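Inspection log for the structure reproduced underneath, given as structure tokens.
The values are calculated or read from the model by the stated rules, or taken from the named source; none is laboratory data. Please read all numbers here as calculations on a predicted model, not as lab measurements. Cβ: placed from backbone, ideal geometry, glycine included. Neighbour counts: every protein chain shown.
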Amino acid sequence: QVQLVESGGGLVQAGGSLRLSCAASGRTWYTMGWFRQAPGKEREFVAAVNWNGDNTYYEDSVKGRFTISRDNAKNTVYLQMNSLKPEDTAVYSCAAGFPRNRITAALAYSFWGQGTQVTVSS
């Protein structure tokens, strides 16, 4: 069992930056992902990183603006978000699992955090 706790959300103006953190209980060699859900919309994939950080994956709309990374010594995954836009407003959740070739599928992840709110004002 893995427990995930997100932090770092908040209110920021368009063009600003935030860094989200996801702390995992115990050692984890899972693939880690970030997903987001805006009001009235389905949960969508944002980014993922494999167990050792060598491979990263991004949703097209965040490429070049967001960076996912992990520090296995600290059992923590980060999502650095730059050049934020109002359409990035959502609850961001981290997830852990072995999604294999279904990196972008929320159902492929086994463990989830509670989420942290990110609000980008125009």
query = Any idea how many residues of the stretch 34-55 are out of contact with any Lys or Arg (no Cβ under 8 Å at 6 or more places or on another chain) and surrounded by 14 or more Cβ atoms within 10 Å (Cβ to Cβ)?
reply = 7
Looking only at the stretch 4-40, and only at residues there that are in a loop (DSSP other than H, G, I, E, B), touching a strand residue (DSSP E or B) at 6+ places or on another chain (Cβ under 8 Å) and modelled with pLDDT of 95 or more, the one that is nearest to Arg102 (Cα to Cα) = Ala38
query = Of these, Thr76, Thr89, Thr31, Thr67, which one is in contact (Cβ under 8 Å) with a residue 12 or more places away in the chain, touching a Pro at 6+ places or on another chain (Cβ under 6 Å) and surrounded by 14 or more Cβ atoms within 10 Å (Cβ to Cβ)?
reply = Thr31
message = Restricting to the stretch 44-63, give me the number of residues that are in a loop (DSSP other than H, G, I, E, B), in contact with a Ser or Thr (Cβ under 8 Å, 6 or more places away or on another chain) and not acidic (Asp, Glu).
response = 3
request  = Any chance you could count how many residues in the stretch 92-122 are in contact (Cβ under 8 Å) with a residue 40 or more places away in the chain, out of contact with any Lys or Arg (no Cβ under 9 Å at 6 or more places or on another chain) and outside any loop (DSSP other than H, G, I, E, B)?
outcome  = 10
